[in-house]
1. Taking the stated definitions as given, is L222 open to solvent by less than 30 Å² (accessible area, probe 1.4 Å) and either among the basic types (K, R) or not in a helix (DSSP H, G or I) (or both)?
2. Give the residues of segment 225-263 that are of a type in the set (F, W, Y), open to solvent by 70 Å² or more (accessible area, probe 1.4 Å) and in contact (Cβ under 8 Å) with a residue 24 or more places away in the chain, sorted by residue number.
3. Report yes if some residue within segment 46-57 is touching an Asp or Glu at 6+ places or on another chain (Cβ under 9 Å), under 23 Å from T196 (Cα atoms) and open to solvent by less than 20 Å² (accessible area, probe 1.4 Å); otherwise report no.
4. Can you confirm whether G140 is modelled with pLDDT of 95 or more and at positive phi?
5. Out of all the residues in segment 310-326, which are under 17 Å from E92 (Cα atoms) and either open to solvent by 70 Å² or more (accessible area, probe 1.4 Å) or not in a loop (DSSP other than H, G, I, E, B) (or both)?
6. With a cut-off of at least 2 residues that are farther than 25 Å from S204 by Cα, name the helices (runs of 4 or more DSSP H) lying wholly within segment 71-185.
7. Find the residue count for segment 75-114, including only residues that are among the acidic types (D, E) and touching an Asp or Glu at 6+ places or on another chain (Cβ under 7 Å).
8. Out of segment 78-100, which residues are surrounded by 17 or more Cβ atoms within 10 Å (Cβ to Cβ), of a type in the set (A, V, I, L, M) and over 18 Å from Y31 (Cβ atoms)?
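The values are calculated or read from the model by the stated rules, or taken from the named source; none is laboratory data. For clarity, every value in this text was computed on a predicted model and none was experimentally measured. Cβ atoms come from the backbone with ideal geometry, glycine included; neighbour counts cover every protein chain shown. Please note that ligands, DNA and RNA were not included when accessible areas were found on the heavy atoms of the full protein model with its side chains. Shrake-Rupley method; radii C 1.70, N 1.55, O 1.52, S 1.80 Å.
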Amino acid sequence: MKAFVPSALFLVALHLISATVRAGGLPVEAYGLSFQYYQESCPNFEAIVSRKVKEWIKKDYTLAPALMRLHFHDCVVRGCDASILLNYPGSERSAAESKTLRGFEVINDIKAALEKSCPKMASCADILTSAARDATVLAGGPFWMVPYGRKDGRVSVAKEASKVPVGHENVTSLLQLFQSQGLNVLDLVVLSGAHTIGRSTCGSIQSRLYNYKSTGKPDPTLNREYGNYLKRKCRWASEYVYLDGRTPKTFDNMYYKNLQKKMGLLSTDQYLNSDSRTGPLVSALATQPELFNYQFGVSMAKLGNVQVLTGDEGEVRTNCNAVNRY
């Protein structure tokens, strides 16, 4: 087997990444989490989550990106506390920004299995975080270690879901959101690469195709040939289109190559290539697939530690859709 010899660009980019991680990363103990958390209380936790996620994704591949997206939506609002799973009028889950979220049935199935194996031990927040990791791996992405000990939140407010990006925000807004969660510009560009798989509703890009900034014309930054394809594909706002128009079912760095060809589906995607703060990272990731794969795991690990609740700050729900009544 030919040995991997890192290129100069890979080493330069990795140096940049290492400096960023050192500046923003903390040991998991600092978050009150542990890799051994379930070692005695629920030793089969990861095996059960992995088995269930595999069963569901084998039946429906699109659940892989759906679980990753569900995890992101959860962590961006109130941190990774499973507040997105609470199902009642006025919760995050009822918000307009959450209407296209999927994967709730997967989490419920995992929770039911864990309640049989180790009752009242496994939090829904830990389940969702672990399921997102396993979904990434099954989609062809990297594996990373997940520490546990997150507790479930008791509050979920629909209007707070407005923090979640919907595809039109500029880079400054995105950076402000990420920095408020303890994430940085590198995490923004790398986690946006999750759009290498998955779909978006055509309604999210209607204005780009037909009435960009009220001009009555398409977005001039959109590749013309790609734009014409999208117009044929998106005749109805309710239809779906792949986020990566070239390798939509492969977890790779094609997303970044698409941005360089003006083939980013969402405006927020395309802005990453043109903005001076994010463009150099797009260029590095477009030419270094190993770099993207490595850093995606690092950034996802950071995302999973955002504003976690531990100890008495939350609870372990027995039903992921509702707070405990005892």
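1. Answer is yes for this residue.
2. W236, Y240, Y242
3. Yes, segment 46-57 contains a residue that is touching an Asp or Glu at 6+ places or on another chain (Cβ under 9 Å), under 23 Å from T196 (Cα atoms) and open to solvent by less than 20 Å² (accessible area, probe 1.4 Å).
4. Considered against the rule, which asks whether it is modelled with pLDDT of 95 or more and at positive phi, G140 comes out as yes.
5. N319, A322
6. Those helices (runs of 4 or more DSSP H) span 104-117, 124-138.
7. 2
8. If the condition is that a residue be surrounded by 17 or more Cβ atoms within 10 Å (Cβ to Cβ), of a type in the set (A, V, I, L, M) and over 18 Å from Y31 (Cβ atoms), then I84, L85, L86, A95 are the ones that fit.
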